[in-house]
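The values are calculated or read from the model by the stated rules, or taken from the named source; none is laboratory data. Computed from a prediction, not measured in an experiment: that's the story for all the values here. Methodologically, a virtual Cβ is constructed for each residue, glycine included, from the backbone with ideal geometry; neighbour enumeration extends over all protein chains shown.
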Amino acid sequence: MHMEEKKANLTAALSILCLIILIVILRLTLELSKTFYLILGADIAVIFAIIALLLIRRHYSDARRLLESRWISEGKELRIEYSFLRKVAGVPIKFRYKEIEDATDNFQAQLGQGASATVFKGILTDGTQVAVKRIDSQERGEKEFRSEVSAIAGVQHVNLVRLLGYCCVTGGGPRFLVYDFIPNGSLDCWIFPNRTTGGRNRRVGGGCLSWDLRYRVAVDVARALSYLHHDCRSRILHLDVKPENILLDENYRAIVSDFGLSKLMGKDDSRVITTIRGTRGYLAPEWLLDQGVTEKSDIYSYGMVLLEMIGGRRNVCLIETGNGNRSNDGPGTSRRKWQYFPKIVSEKLREGRIMEVVDPRLLDGHVDGGRTMIEEREVRRMVCVALWCIQERSTLRPTMHRVVEMLEGRVAIEEPPDTQMIVVDLLSVDDDQIDDHPEVADGRSRNAAVMLPAEGHSGDGHHVAAANSGSYSFAMSILSPR
């Protein structure tokens, strides 16, 4: 636009200059003849016409620029108002890639990384702190993106992470989901002893969450899952409930996040048939039996999380006894044995020694915030709820609405029945088999692979199976020896 105006002005100036030069030449050749005056009058008229056209053009150009600026201003106001209304209504906003890039300072502040996604901290132009999830994988990333958007885009609950917007890069590029930033990180940093981990699943520093805050988190998560299961138009199965997917806000209220593996389930559907998805150590037994899944699968995972909150430890531990050293001449005195925490809790409940399963740090008073006094009746209530939730027969598990009522003390809680706990059978390889016959142990351990976490080390020096925060979707049979 400006170039065209400059060209027009330059053309007009050259035209006027040529006319003036013509007048000078004619004056010298024709002197003051009648012909000269006729040509002079015509030239002056043309010069005035050119000047008039320039003025008229400039007037209309100024009016057009003013109108365009007004349109741009009104359009920006409309976009801001539209964006505000979408935000109030809870409808995700479509961001441009440049906005995502600027908000994250070119993806500098990484918060965490999973199997197919990386999360970055960012700040929007209005000052809102956000967590930007970049989904890189092509086929799996597309499924995760669609699952997450379809599950969380239309739901509004105080204990569910809020999806602010999304961004799709054309040409098969990464996809982005923009969420509210939750400042205190994930629950696993606050219930398990701090330890250094390498690789992509880095842990940030947390602390030891007090008992009353743990209890409140348990209620918050139960309310969120109850909302997903019972109060949405379509039931939403999270299918990856674990401490790493439970965030804590500035007031230590629980926020359930990461819906990348979720499934929508119609109100009239009894179960959903799908490939195995979730995290080892939190998968319900029905995954093993290939019976399809329901909301009861989330309830099982929730019960496993409750037990970890109570004990401040992972549910499956591989304890190594002895000096743990092996010489070149042969095996040392090291012996390994699996511990299944839910089985220990169940036994302690029957023996009336339930306080022995509580996180020792809570009993020692090493907590961050909240009260240090722990009431045995609250521990017993949470333990009973957890054991009801992990019943291997899914029909025995309570609904999440019932779980909320039990945790809030609105209904009486019966003592849960003994459950088979097939994981114990899968772990029941005696120490001699582990040390002397690894091929026997391997055959049985592989069968339990999807039920068990990955190996790590506990804070007390024992060799333990530490839950892998990565999520998995297996197409093959889980009983395959591969």
Query raised in the report: In this structure, does Q138 turn out to be in the same structural domain as V169 (by TED's automatic domain parsing) and at pLDDT below 85?
Result: yes
Report summary line: Those residues of segment 94-113 which are small (G, A, S), free of Cβ contacts under 8 Å to residues at least 24 places away in the same chain and surrounded by 14 or more Cβ atoms within 10 Å (Cβ to Cβ) amount to none
Query raised in the report: Do we find that G127 is in a strand (DSSP E or B) and outside the structural domain of G260 (by TED's automatic domain parsing) in this structure?
Result: no
Report task. Can you give me the number of residues within segment 211-239 that are surrounded by fewer than 23 Cβ atoms within 10 Å (Cβ to Cβ) and outside any helix (DSSP H, G or I)? Result -> 5
Query raised in the report: For the subset of segment 114-123 comprising residues that are within 23 Å of V155 (Cβ to Cβ) and modelled with pLDDT of 90 or more, which member is nearest to the chain's Cα centre (by Cα)?
Result: V119
Query raised in the report: What tally of residues in segment 154-176 results from selecting those that are surrounded by 15 or more Cβ atoms within 10 Å (Cβ to Cβ) and either within 22 Å of H230 (Cβ to Cβ) or not assigned by TED's automatic domain parsing to the domain that holds T125 (or both)?
Result: 8
Requested in this report: Determine which single condition K87 fails, assuming it passes every other condition in (1) assigned to a strand (DSSP E or B); (2) at pLDDT below 75.
Outcome: (1)
Requested in this report: Pick out the one residue from L111, L164 that is modelled with pLDDT of 80 or more, aliphatic (A, V, I, L, M), closer than 20 Å to H238 by Cα and not in a loop (DSSP other than H, G, I, E, B).
Outcome: L164
